[in-house]
Amino acid sequence: MDNSTHEEIFRNGSKTYYFSSRFFPKKVRHDVYILYGFVRVADNYVDAIPQKPEEFYTFRKMYEKALLTGEISGNYIIDSFIDLQKRKNFDVAWTTAFLDSMEHDLIKSTCDTLDETLTYIYGSAEVIGLFMAKIMDLDDEALPYAKMLGRAMQYINFIRDIQEDITLKRRYIPLTETSLEELNEKTALKQKGEFISFLRREIGRYHSWQKEASKGYKFIPRRYRIPIMTAADMYCWTGSTIARDPFIVFEKRVKPSKVRIIRKGFAHMLGVPRTCN
C-alpha cells in the first residue's frame with residue numbers, strides 16, 4: 001500500500017490543511033500525510049455517529065503493542081506512523097497525549113473550565129504542532145510556538161463547529177466567563193447581545209494565541225513557512241468571518257474554499273504581505 005492511502009484520508013478529513021500542505025516539498029508532504037492519516041483515523045472513530053469505541057480502543061492497543069514489542073502491527077496506518085515517529089524522534093508522550101484527548105471524547109462531553117479545555121487542546125492540537133516541527137526538523141526553540149499555533153487553530157475549530165458539536169452533545173468552550181447557560185441557538189437568540197459579545201471575546205482569545213504563535217515563523221525555513229502561514233491565514237479568515245456574524249455558526253460550517261486556500265498559498269510564494277498576524 002502506498003502513500004495515496006494517507007493522502008486520501010487527509011484530503012477527505014481537512015480541506016484547509018490538505019491544500020495548504022500541497023505547498024510543502026514532496027518529502028515533507030509525504031510525512032505530513034502519514035501523520036494526518038494516523039490522527040484522522042483515531043479522530044474518526046470518536047467522531048462517528050454513533051461513536052466507535054471498540055474500534056478506537058483496538059486501534060490504540062495495536063499501536064501500543066507494536067511500539068512496545070517492535071513488531072509490525074499489520075495495520076498500515078499504525079506501522080507507517082511508528083516508523084515516522086522513530087525517524088523524526090517524536091516524543092512518545094506526545095502520541096499518548098493525543099490518544100488521551102481522543103479518548104476524552106468517548107467518556108466526557110464538555111470542558112467546563114479553560115484549564116480543562118487547554119488540557120484537551122494539548123493532546124488534540126498542540127502535540128500536532130510538535131509533530132509538525134519535528135517533521136520539518138526545526139530547532140527546539142521553535143517548539144513553544146508550534147504548540148501555540150496548534151492551540152490557536154483548534155480553538156477556532158471549536159468556535160466554527162459549535163453546531164456540529166451540539167449534534168455530538170459536546171462543548172469545548174467553557175462558559176465560565178458568560179451568563180450563557182448553554183451554547184445553542186435557542187439560548188443565543190434569547191441572549192443575543194451576550195452571545196455575540198461572548199463569541200467575539202473568544203475569537204479575541206484565538207487572535208492573542210495566533211499572534212504569539214506567529215513570532216515563531218522566523219524559525220521556519222521559507223519553503224516550509226509558506227504552507228504553515230497559508231493554513232494559519234485560513235483560520236484567521238474563518239475567525240474574522242464568524243466575528244462579523246457570530247450567528248453564522250448555527251447556519252453553516254464556515255470553511256475557506258479550495259480556490260481561496262491555493263490563492264493564498266501562491267500569494268505567500270510571491271511575497272504578498274500577510275493580512276493576518
### Task
Bin width 5 Å, alpha-carbon pairs only: give the P(r) of region 1-50 as whole percents, running from 0 to the bin holding the largest distance.
4, 22, 31, 23, 11, 5, 2, 1
### Query
Once you sort the root eigenvalues of the Cα gyration tensor of region 47-156 as a ≥ b ≥ c, which label holds: rounded (a/c under 1.5), prolate (a/b larger than b/c) or oblate (the other case)?
oblate
### Query
Can you list residues whose amide H is under 5 Å from Thr110's amide H, if they're 5+ apart or on another chain and H is modeled 1.01 Å from N?
Arg171
### Query
Roughly speaking, what is the stretch gain from Glu141 to Gln163, that is 0.36 nm per residue apart minus the C-alpha to C-alpha distance, in nm to one decimal?
4.2 nm
### Query
What 222 nm value per residue comes from the helices of the chain, counting each DSSP H run with n ≥ 4 as -39,500 (n - 2.57) and dividing by all residues, nearest 500 deg cm²/dmol?
-22000 deg cm²/dmol
### Task
Starting from the Cα of Glu182, step 7 Å along the direction of its Cβ; do the same at Glu8; then give the gap between the two resulting points in nm.
4.1 nm
### Task
Under 14 Å from the Cβ of Lys169, count the other residues' Cβ atoms, weight Lys and Arg +1, Asp and Glu -1, and hand me the total.
-3
### Query
Relative to the present Cα-Cα distance, how much length would full extension add between Ser240 and Leu189 at 0.36 nm per residue of separation?
16.3 nm
### Query
Given N residues in region 4-269, what is Rg(Cα) / (2.2 N^0.38 Å)?
1.00
## Note on the structure
In whole angstrom, the spacing between the Cα centers of region 76-127 and region 218-265 equals 23 Å
### Message
How big is the dipole moment of region 122-277 about its Cα centre under a simple scheme where the beta carbon of each Lys and Arg is +1, that of each Asp and Glu is -1, and everything else is neutral? Debye, nearest 20, please.
### Response
600 debye
### Query
Taking a 31 Å limit on the Cα-Cα distance, which of the listed pairs Lys86/Lys255; Lys52/Lys86; Lys26/Lys86 fall beyond it?
Lys86/Lys255
#### Entry: Proximal lysines relative to Lys186, as straight alpha-carbon distance under 17 Å, when same-chain residues fewer than 8 apart are discounted
Lys169, Lys252
### Task
Would you tally the net charge around Ala243, using a Cβ to Cβ cut-off of less than 13 Å, leaving Ala243 out, and scoring K and R as +1, D and E as -1?
+3
## Note on the structure
Charge tally for neighbours of Phe195 with beta carbon under 12 Å away, counting Lys, Arg as +1 and Asp, Glu as -1, is -1
#### Entry: Leading residue at positive end of dipole, region 4-269 (Cβ point charges), from Ser14, Thr230, Phe250
Thr230
### Query
Sorted by mean Cβ packing within 10 Å, highest first, what order do the peptides 62-72, 163-173, 228-238 take?
228-238, 163-173, 62-72
#### Entry: Ordering of 10-21, 191-202 by packing [mean C-beta count within 10 Å, highest first]
10-21, 191-202
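All of the numbers you see were taken from the coordinates with simple rules; none came from a lab. Computed from a predicted model, the values in this text were never measured in an experiment. As a convention, Cβ positions derive from the backbone with ideal geometry for all residues, glycine included, and neighbour counts pool all protein chains shown.
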